[in-house]
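Here the structure comes first, spelled out in structure tokens, and everything after it is commentary.
The values are calculated or read from the model by the stated rules, or taken from the named source; none is laboratory data. None of these values were measured; they are calculated from a predicted model. Cβ placement follows ideal geometry from the backbone for every residue including glycine, while neighbour counts extend to all protein chains displayed. Please note that ligands, DNA and RNA were not included when accessible areas were found on the heavy atoms of the full protein model with its side chains. Shrake-Rupley method; radii C 1.70, N 1.55, O 1.52, S 1.80 Å.
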Amino acid sequence: MMMGLKWMKALAVMPMAVLAACGGDVAGTEQAEETGENTQGVLYAPPPPASGNILDSTTYLGPVNLGSAVQTYFTTNPQHYSFKVQVPASSQIILEVTHAGSSMYLDTGLFVYGPKNASGSYGTTVLAQDDDAGYGQLSKLPAVNVVQGGEYLVVVSSGNGSGKQFRLQTNCVAGACLPPSTLPPAPVGYQLTLTEQAITSQLSATLATGEAERDWTTASVRRLDFAWPYSGAATLAQADAAVLGFQEYESYGYSAGTALTYPQLNDYLYSEFQPLHPQILSTYGNGWENVQVMTHYYSRAVAPGADGWFRLNVILFPQSKKIIVLEQIGYET
């Protein structure tokens, strides 16, 4: 007999929710109180234009060189300013609306599009975006992975910034815009630092369709980018350790992981989620890198007479410097 999925999920996560309520992270609240920030930030993305070129939905203010900054102010609400940045291939860049040079209580959004194609369009697909990872409600992208060199469009937005000033700083992650042959090896024991980005609408739709097919299964997909200013490539063991460092995945660390090739991953997916297999590869792969997978599995009772099956797949794109986390859960009584 199958149990209601929402009820079973609530039982499975209840202990963790109680722990969070007892000792939750209050750092963000403390910072907001200290700076007087409004904690309800809104990400004002530029609307997709009919032309298919996101540039047409912005006010273009010119180029910005990597390693430099630009400072200006908003004049209307909402507003989307854009700047072009030339980025070498296989680079990682940092983009930040800095505390210094920006008005108090300013809420910004930060977006990257591109590269510009032969027809001069940056398209409408967001390469990376952030709402308030910087100071207060300012925006910061600490590691944007750029596989294809070219001209990219950086957009800074605000919904209520009229009359307020901002400063956009651009940089390379230390050494990450240098030729790979000049980079040092990674330090022994180096741990990856992960930055989450939104997944595509196509992947979200596939997840929703799969969950609708059966009441007793669920799945989630997360995209995590990482900085790698070193020679060689990050290893699957490093990627796996970084993901298992998240509190919500720590229970998977008690089961030995199994390394897979990407084609083998398809055999570990519930049938309703198998469309994710080609979609993830085409969305995040560069077409030639060796995509690797570490899968963890365990089962346990989640309620009297009710069992849960849990599988975590850590998918490493070493040259694209991305980790895709695909988790599947099934419930049955």
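Count of region 118-137 residues, restricted to those that are aliphatic (A, V, I, L, M) and at pLDDT 95 or above, is 0.
Counting only strands (runs of 3 or more DSSP E) that fall entirely inside region 76-155 and contain at least 2 residues that are touching a Cys at 6+ places or on another chain (Cβ under 8 Å), open to solvent by less than 10 Å² (accessible area, probe 1.4 Å) and among the β-branched types (V, I, T), no element qualifies. The set of residues from region 193-233 being assigned to a loop (DSSP other than H, G, I, E, B) and surrounded by fewer than 20 Cβ atoms within 10 Å (Cβ to Cβ) comprises T193, A198, I199, T200, R214, D215, W216, P229, Y230, S231, G232, A233. Just one of the listed residues (P46, P78, P115) is modelled with pLDDT of 90 or more and in contact with a His (Cβ under 7 Å, 6 or more places away or on another chain), namely P46. Exactly one residue among S201, S162 is closer than 25 Å to P46 by Cα and more than 21 Å from the chain's Cα centre (by Cα), and that residue is S162. Each residue in region 289-333 was checked for being within 20 Å of Y230 (Cα to Cα), of a type in the set (A, V, I, L, M, F, W, C) and either open to solvent by 20 Å² or more (accessible area, probe 1.4 Å) or in contact with a Leu (Cβ under 6 Å, 6 or more places away or on another chain) (or both), and 2 of them qualify. Residues of region 204-240 that are under 13 Å from the mean Cα position of the chain (by Cα) and not aliphatic (A, V, I, L, M): R222, R223, D225, F226. Taking first residues from region 125-138 that are farther than 10 Å from V97 by Cβ and partners that are among the small types (G, A, S) and in a strand (DSSP E or B), the Cβ contacts under 8 Å between residues at least 6 apart in sequence or on separate chains come to Q129/G109; D131/G109.
Residues that are under 21 Å from A143 (Cβ atoms) and in a loop (DSSP other than H, G, I, E, B) within region 63-75 comprise V64, N65, L66, G67, S68, listed in sequence order.
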